1. Please go through (1) assigned to a strand (DSSP E or B); (2) without any contact (Cβ under 8 Å) to a residue 60 or more places away in the chain; (3) polar (S, T, N, Q) for Ser249 and return the number of the only condition it doesn't satisfy.
2. How about segment 76-115: which strands (runs of 3 or more DSSP E) wholly inside it have at least 1 residues that are in contact with a Cys (Cβ under 6 Å, 6 or more places away or on another chain)?
3. Can you tell me which residue is farthest from Ala535 (Cα to Cα) among those in segment 479-525 that are of a type in the set (S, T, N, Q) and not in a loop (DSSP other than H, G, I, E, B)?
4. Which residue is nearest to Thr30 (Cα to Cα), if the candidates are limited to segment 146-186 and must be among the β-branched types (Val, Ile, Thr) and in a loop (DSSP other than H, G, I, E, B)?
5. What is the number of the single condition among (1) part of a strand (DSSP E or B); (2) closer than 29 Å to Ser201 by Cβ that Pro126 does not meet?
6. Residues His71, His46, His118: which one is under 17 Å from Trp179 (Cβ atoms) and either touching a residue at least 40 places away in the same chain (Cβ under 8 Å) or assigned to a strand (DSSP E or B) (or both)?
7. Picking from Tyr193, Tyr183, which residue would you name as being closer than 28 Å to Asn37 by Cα and modelled with pLDDT of 90 or more?
8. Val367 is checked against (1) of a type outside the set (S, T, N, Q); (2) in contact (Cβ under 8 Å) with a residue 12 or more places away in the chain; (3) surrounded by fewer than 19 Cβ atoms within 10 Å (Cβ to Cβ) and fails just one. What number does that condition carry?
Amino acid sequence: MAVLRVVVLSTAMVLAAEPSTVPAVAGNLTLPFANPNPVVTSWMDHHYPTRQQDGIMIRFDGASGYPYDGHRGTDYAIAANTPVVAADDGTVIYAEWSDTGGFGVVIDHALDRTAYFHNNVLFVYPGQRVAHGQLIALSGSTGNSTGPHVHFEVRDLLSPWHSIDPYGWTGPGQDPWRWDQGYLWTSNPPVPYLLPLAFLSGARWDYWYGLDGPPPPASWRIQESGRGFLGYAAQWDADPGPAAPRTASALGSLPLPGPGRHTLHLRVFDGHGTSTDIAYLYLYDTGQPTATLAEGQVQAAGVPVNWTAADGLSGVQTVRIEMAAGSQAFRPWVTATLGEPQPGTIQGGFRLFAEPGLQYRLRLTVVNQARTASLPETRMITVPANAPAPPTAADEGLLGGLPDVPPGTVPAEGLAAEHQLGPGDLLLSRDGALHGLATAAPASPTPDAAPAAVDVAGGLRLFADGSTLDSAATAGPRFSVGQPVRLLALGDGSWAAVGAGGAIAGTGWTASVTPDEASTIQDAGLFPGTHIGLALDTAGSLHAFGDVGDLLKRLPDQWTLLADPAGIALAGSPQAPAGLLFDQHGDRMAFGSLLLLPAGLFAGPTFDPETGLVVR
């Protein structure tokens, strides 16, 4: 089953590794604009520059008491639409919109990386080579910004989330931020923007055109810089190059070549023969997405229905299901909008609780980012006349029948379930041994003196002292969390351990949450493809961790269980969260849109007959 994949620019992770000693770097940077004496409104925090507040802000000269605790870069008060240029030669690795940084650019250089955020317009694209002083954007106040400025940031290459202050450290004693590499400015004055500037119109960044209308032709107006103007050369999807024939006009246009992702390259020449490549992205998708419905095996009075949606170019944006009972007309039933659609196939599922013996019609329609809808997919479904009623009111509209809880209590030395188990998966006993549910368990030797086993994920076993072992009993990463309760396997092959007190330690990052008073963390989960998740405490409250920004700050009360919380399973994304909450009696509760829950989350729960533990 495909998983919703969301790419999030995460700037709030704190790397857990010890800082490495980095060599001093000769000055290689100039200011990214033509003002040699700009006003700085916020300096980089040398005490803890990770956007997390610790109450202390220390400037490069050791002075404290300045605003913007945890600031990772330097904010320059630059007027809107001021040309922003590359501070060094390099390759663009990021050029897009983010809710916090607005339109931003990140450039990879031979010695470091630089970032430029809150711009109004971008003129570069990922993978583009840029020269020192080349136009990359126009400044602005987009994203989380209170006024026009340039947020300029430098990062090292060994651990890209470590910020570097290009002004170095001149304060007394040791720099409290030990990743700095010294004074990075060159002795040369900043490179002024001298080339003619092109203002383009037409399609916008990350805006998809579809069957509701094609993009208008790309058009532009060129404003010269005072060094003269010799013309331009325009071409789709490739830089025409400095030797291309020029058109000696300040105005021009070019029709879009057809559907797909297209980049317009506009090379502008000044009176000295110098030129620059200004790139502009066009997005056009005329293909229809596809949608299918499939009926599963009836369980109690709930009919499991799985859906599949696919779009290869712009990605599925909205999933909409309508329902009709008998001969009645279709009426809207449930709709889900995805946070950040990705091209490809996604799947989900839901349970239809309906009157036994009556025929229902379901109609599925999906819409892609270009606002083009699929052909409707219709399915006839009948709940058997003899189907029993669901066992609890909490399950209506969501789940099928739940098995009876085995008699007795869970023994203290019972088995701990691996996260999101299914038939054929494994259970982990406290002595570190693995047990198969439907198939034989692999041999996984454990040293006799090993502490109690806590959890298993991705083939790695976690023990009470934070140590880990793989299936061959080879030592893995050790996590510094007290009373670990959960091991999370990330999609990139790394892991994170969650402690009962709220500490979360990953391989390369850390986070934390604060459980409710007199509570401890019971379970935690990650949104697919991210380092962002939710932790569930023993009081039934949810706590967000990772670079959540404003996405998950307010967690609705109805996302929590009344009592005896046991576990959490996440789906969707931080922009469109969904999931299931489990209690210790086998009941489950959904939050977010049911349509975003992968169908596998509905397969259960069942109970281990020996221990009575829920097998998820």
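1. The failed condition is (1).
2. Qualifying strands (runs of 3 or more DSSP E): none found.
3. Filtering segment 479-525 for residues of a type in the set (S, T, N, Q) gives 480, 483, 494, 507, 510, 512, 514, 519-520, 522.
If we keep only those that are not in a loop (DSSP other than H, G, I, E, B) too, we end up with 510, 512, 522.
Details: Thr510: 14, Ser512: 10, Gln522: 8 Å.
So the residue we want is Thr510.
4. Thr186
5. (1)
6. Details: His71 fails: either touching a residue at least 40 places away in the same chain (Cβ under 8 Å) or assigned to a strand (DSSP E or B) (or both); His118 fails: under 17 Å from Trp179 (Cβ atoms).
When all the criteria are applied, what remains is His46.
7. One residue alone meets the criteria, Tyr183.
8. With (1) of a type outside the set (S, T, N, Q); (2) in contact (Cβ under 8 Å) with a residue 12 or more places away in the chain; (3) surrounded by fewer than 19 Cβ atoms within 10 Å (Cβ to Cβ) applied to Val367, the lone miss is (3).
The values are calculated or read from the model by the stated rules, or taken from the named source; none is laboratory data. Because the structure is a prediction, the values reported are computed rather than measured. Methodologically, a virtual Cβ is constructed for each residue, glycine included, from the backbone with ideal geometry; neighbour enumeration extends over all protein chains shown.
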